[in-house]
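The values are calculated or read from the model by the stated rules, or taken from the named source; none is laboratory data. Keep in mind the model is a prediction, meaning the values are calculated, not measured. Heads up, the Cβs are rebuilt from the backbone with ideal geometry, glycines too, and the neighbour counts pull from every protein chain shown.
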Amino acid sequence: MALLVAFGLSRVPEGLSASAGMNQSGRSAKYVFSVWGGIAVASGIAAIVGTFALASASRSTVGFLTAFALHELG
């Protein structure tokens, strides 16, 4: 749980910067919230699909995908 909280908090400055950029380019608050809401919904759907798609995957496959994802986040 601590890792999840740390991951979420580490992305706050990036999100604020992107939101400020959209605001400065004349986008409305409704647009900005819609973009971030869409990203949240798409991420949730991807997590659900990934969970079912990898339910029967081998441990080495899951390990490879996890290592790749962590490398991309870094």
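Taking every residue in the range 1-16 that is under 12 Å from Trp36 (Cβ atoms) and surrounded by 10 or more Cβ atoms within 10 Å (Cβ to Cβ) and pairing it with any residue that is modelled with pLDDT of 80 or more and of a type outside the set (A, V, I, L, M), at least 6 positions away or on another chain, the pairs with Cβ-Cβ distances below 8 Å are Gly15/Trp36. State all residues of the range 1-15 that are assigned to a helix (DSSP H, G or I) and not aliphatic (A, V, I, L, M); if no residue qualifies, say none. Matches in the range 1-15: Phe7, Gly8, Ser10, Pro13, Glu14, Gly15.
Taking residues in the range 32-45 that are without any contact (Cβ under 8 Å) to a residue 24 or more places away in the chain, and partners anywhere that are part of a helix (DSSP H, G or I), the pairs with Cβ atoms closer than 6 Å and at least 6 places apart or on different chains are Val32/Ser19; Val32/Met22. Pairs are defined by a Cβ separation below 9 Å, a sequence spacing of at least 6 or placement on different chains, a first member in the range 57-68 that is more than 16 Å from Ala47 (Cα to Cα), and a second member that is surrounded by 11 or more Cβ atoms within 10 Å (Cβ to Cβ) and modelled with pLDDT of 90 or more; the pairs so defined are Thr61/Leu54. For the condition at pLDDT below 90 and either surrounded by 10 or more Cβ atoms within 10 Å (Cβ to Cβ) or in a helix (DSSP H, G or I) (or both), Phe52 does not qualify.
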